[in-house]
Amino acid sequence: MSPAAPERRRTEQDEVTDAIRAAAAVDPQRGGHPDRAYAPYRSTGLRAPSQPLVVAPASLLEQTAPVFGAKDVRPTDADLTVHSTGEPLGERIVVTGRVLDRDGRPVRNQLVEVWQANASGRYAHDGDRHPAPLDPHFTGGGRCLTDDDGRYRFVTIKPGAYPWRNHHNAWRPAHIHFSLFGTAFTQRLVTQMYFPGDQLFHLDPIFSSVTDEKAQQRLIATYDHDTTVAEWALGYQWDIVLDGPGATPPDPDEV
Amino acid sequence: MTLDPSPSQTVGPFFAFGLPFDGGGDLVPPGTAGAISLHGTVRDGAGAPVPDALLEFWQAGPDGRIPSRAGSLARDGRSFTGFARVPTDRSGDYTVRTLRPGPIAHSPEAPHLAVTVFARGLLHHLFTRVYFPNHVEANAADPLLSALPEERAATLMAVPDGWFGGPGYRFDVRLQGPGETVFLDLIGGSE
Ligand SMILES: [Fe+2]
C-alpha cells in the first residue's frame, strides 16, 4: 500500500489484519458481544456451534445465581503482590471499578475473579511456552467480593504483552482476565480488561472479535490519577456492565 | 437507563490457576446418600476432546430449593451450595459429584442443572441444561424440551450409566457438528 515500502513481503499478520477489517465491516453483533465463529481467531473454527442458539425463557433456576461470601475469599486474595514471600517484579498497579447491571444497579457482594500474566508476559502455567522469565513472587490469580456499591479493587502488577500461536508473529495486548457473576445465572461474564493506548489492539483477533468500536472501548480501562496512590502504584478504573436480565435473589423460604 | 454490556472475551488457555478450585466438582462429599456422578466429555467439531474447557453447574437441591448459601470455594462438607466448577482433563473429561435436583415450586421447567461452558476458542460462553430421564411427565411438559425435535432434545438428557461408587449419568457436550448440544439464548426473567 505505502509507496515507501514497495518491496515489503506480505506477512501472515497482514492476512489476519485484513480478515479483522473485513469482519469489522459486517454489522456488529447483538450487545457488542463477539460472534463465536470469528475466522481471524483460528481456534473458533471447530469450537463455535454451527446451529443457532435456541431462544428460551430463563427458568426460575436461571433467574438466580450462586451466592458467595466472606468464607469464599481471603482479604489478601485481592492483592496479587502479597501471595509470596517477596515482592513481584514489574509496575505495581491498582485496578478498581464497579460491577453494574444494565439498569445501572450495583451488583453487591458478588464474586470477581482475575488471572493474568506476569510483568514479562509469562503465565504461571505449564502450557505457557513463552521464553520469558517466570517470577517466583507472582502467580497471577486473585479474587474479591464487590462491596455495597458494586465496587471491586485489586492490587497487582501490570501484565506484559505475550506471543501466541494464532499466526506467525501474533501478540496479545496486555490484559487481565476477569470472571463475573450477577444476581442471575444469565448474567455470567468472562472477559478481559485492556490498558489504554495499546498498539497491539488492532492486530489482535481476540480484542478485535468485538467489532463495534464503542463496545471495544468498554474493554479498555481508564488511567485515573485519583486512583493512583502516591509513591506507590498507578491507578486504573474499569466498570463492568453485566448483560442479561438481573434478578432479586429469591427468598429461600418462598422457593 | 440501559447501559451497554461489557463484551465477552474468551477464557483463554491459561485459566487453570485462576478459576478452578479444590473440590470444585464436589457438590457433596464422597459417600453422601443419594450422590450421583455426572460426567462426560467435551468434544469439538471434529469430534476431538477439548482438554481446555471449563464447565459450571448451578442447581437446586433434591428438595427443589435453590441454594442461597455461600461457601462453594471453601466447601465445608455440610452445606449444599448448588454451584460446581470443573475444568476438563487432558482427555476432555469432567466429573461432578452431586445430588439430583428436585422440582422447583411453580417452575414450568422440569428439574435441570443450568450449565455454562467456557473454553479457549470460545469467544462467548455457552449456556445449556442437563435434564434427567426419570422425570418422564415433567420432561414431556417442559417448554424447552417439548419444543425441540427429538434428536436435539436428546442432547440435553443425562444418560444413566453406573460408576464404581453408585449411580451415574453421562452428559457429553458437543460444541459443533453431528450431535451438537443444544445451546441456549436465555431471555426474559423476573423484571
Ligand atoms: Fe491471557
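The values are calculated or read from the model by the stated rules, or taken from the named source; none is laboratory data. Small disclaimer: the values here were computed from a predicted structure and weren't measured. For neighbour counting, all protein chains shown are included, and Cβ atoms are generated from backbone atoms with ideal geometry for every residue, glycine included. Quick note on the areas: whole protein, heavy atoms, side chains included, nothing else; ligands and nucleic acids left out. Shrake-Rupley method; radii C 1.70, N 1.55, O 1.52, S 1.80 Å.
Points worth noting:
- Considering only residues in the range A:210-235 that are in contact with a strand residue (DSSP E or B) (Cβ under 8 Å, 6 or more places away or on another chain) and of a type in the set (D, E, K, R), the one that is farthest from the other protein chains (Cβ to nearest Cβ) turns out to be A:Asp226.
- Considering residues of the range A:72-129 that are more than 9 Å from every other protein chain (Cβ to nearest Cβ), in a loop (DSSP other than H, G, I, E, B) and within 16 Å of the ligand (Cβ to nearest atom) only, the residue surrounded by the fewest Cβ atoms within 10 Å (Cβ to Cβ): A:Arg129
- Flag for A:Ala174 being more than 12 Å from chain B (Cβ to nearest Cβ), within 14 Å of the ligand (Cβ to nearest atom) and more than 18 Å from the chain's Cα centre (by Cα): no
- Residue within the range A:23-32 that is crowded, with 18+ Cβ neighbours inside 10 Å and either within 30 Å of B:Ala60 (Cβ to Cβ) or polar (S, T, N, Q) (or both) present: yes
- Number of residues in the range A:130-154 that are within 16 Å of the ligand (Cβ to nearest atom), over 14 Å from A:Thr81 (Cβ atoms) and either without any contact (Cβ under 8 Å) to a residue 24 or more places away in the chain or more than 12 Å from chain B (Cβ to nearest Cβ) (or both) equals 2.
- You will find that of A:Thr156, A:Thr76, A:Thr186, the residue that is under 23 Å from A:Thr222 (Cβ atoms) and among the polar types (S, T, N, Q) is A:Thr156 and no other.
- Test: residue in the range B:3-17 that is more than 7 Å from chain A (Cβ to nearest Cβ) and over 13 Å from B:Val96 (Cβ atoms): no
- Qualifying residue in the range A:177-193 (condition: out of contact with any His (no Cβ under 7 Å at 6 or more places or on another chain) and under 21 Å from A:Ser84 (Cβ atoms)): yes
- Selection within the range B:113-133: residues that are open to solvent by 10 Å² or more (accessible area, probe 1.4 Å) and at the interface with chain A (Cβ under 9 Å from one of its Cβ atoms). The member of this set that is farthest from A:Tyr38 (Cα to Cα) is B:Phe127.
- For the range A:179-206, the set of residues classified as away from the ligand (no atom under 16 Å from the Cβ) and under 22 Å from A:Ala22 (Cβ atoms) consists of A:Gln199, A:His202, listed by residue number.
Every residue, every condition in (1) touching a residue at least 12 places away in the same chain (Cβ under 8 Å); (2) in contact with a strand residue (DSSP E or B) (Cβ under 6 Å, 6 or more places away or on another chain); (3) closer than 27 Å to A:Arg105 by Cα; (4) small (Gly, Ala, Ser), yes or no:
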residue	(1), (2), (3), (4)
A:Arg165	no, no, no, no
A:Ala174	yes, no, no, yes
A:Ser179	yes, yes, yes, yes
A:Gly182	yes, no, yes, yes
A:Leu203	yes, no, no, no
A:Ser208	yes, no, no, yes
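- Flag if B:Gly23 is at positive phi, touching a Lys or Arg at 6+ places or on another chain (Cβ under 8 Å), more than 7 Å from chain A (Cβ to nearest Cβ) and assigned to a loop (DSSP other than H, G, I, E, B): yes
- The range B:135-150, subset among the hydrophobic types (A, V, I, L, M, F, W, C) and exposed (fewer than 11 other Cβ atoms within 10 Å of the Cβ), residue nearest to the other protein chains (Cβ to nearest Cβ): B:Ala140
- On the stretch given as the range B:42-75, residues that are outside any loop (DSSP other than H, G, I, E, B) and buried (at least 19 other Cβ atoms within 10 Å of the Cβ) total 8.
- Apart from one condition, B:Ala16 fits all of (1) aliphatic (A, V, I, L, M); (2) within 16 Å of the ligand (Cβ to nearest atom); (3) part of a loop (DSSP other than H, G, I, E, B); the exception is (3).
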